[in-house]
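Remarks on the structure that follows.
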């Protein structure tokens, strides 16, 4: 019987049971959200392709392409860009300095701080097409999902970046649509910049040979620039 165990062993068992149950529940909630996100991506690509076809005919160069990349990843390709939606398999907690701890939502119940995370990365489509291993992708948004599907979004132009909103709204299909649309619109305006001359003024023989074989010179939209400060202009 657990009641007959020494106090420290009881505390360990209680802590393990409580924390493990919470993390398993958070994982299941996040996985449910991620599967719903995949449905949103598939439906959105189909709907937009129908609209594009009615305007441009069957021009495959401007079509959206959705691909399920497995249990924890999905891909949305459009124009020269790819958005990779990646669910992390682990559960995270906000660090003690994070402003979320100042909210009543976490003060009232610290277990609300355990979250699953879905990251949204932007890559150039050619980076994946030509397997350019050194190319850079950029995090444009990340979604935090807790045990009750309350959520918070950090990211470029995401409307719910304010920590104070955490715990006030549960994640549903409409919110997922808004997050994806915002990510797509930001990506469309996030163009590839010419890198500074001094950054690319020298190249090794290996780099040139690799480029001839498989276009492996490093490329990134903000190669040589600070991503946080050198952002895109508002439309």
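The values are calculated or read from the model by the stated rules, or taken from the named source; none is laboratory data. Since the model is a prediction, treat every value here as computed from it, not as a measurement. Glycine gets a Cβ as well: all are built from the backbone with ideal geometry, and neighbour counts include every protein chain shown.
For the range 77-88, the criterion of being more than 20 Å from residue 127 (Cα to Cα) and either touching a strand residue (DSSP E or B) at 6+ places or on another chain (Cβ under 8 Å) or modelled with pLDDT under 95 (or both) is satisfied by at least one residue.
Against the list (1) at pLDDT 95 or above; (2) out of contact with any strand residue (DSSP E or B) (no Cβ under 6 Å at 6 or more places or on another chain); (3) surrounded by fewer than 19 Cβ atoms within 10 Å (Cβ to Cβ), the condition residue 119 fails is (2).
Look at residue 11 and say whether it is without any contact (Cβ under 8 Å) to a residue 24 or more places away in the chain, out of contact with any strand residue (DSSP E or B) (no Cβ under 6 Å at 6 or more places or on another chain) and closer than 30 Å to residue 174 by Cα. No: the conditions fail for residue 11. Only residues that are more than 22 Å from residue 103 (Cα to Cα) and surrounded by fewer than 20 Cβ atoms within 10 Å (Cβ to Cβ) were counted in the range 128-159, giving 11. For the range 160-189, residues that are surrounded by fewer than 16 Cβ atoms within 10 Å (Cβ to Cβ), in contact with a strand residue (DSSP E or B) (Cβ under 8 Å, 6 or more places away or on another chain) and closer than 22 Å to residue 39 by Cβ total 2.
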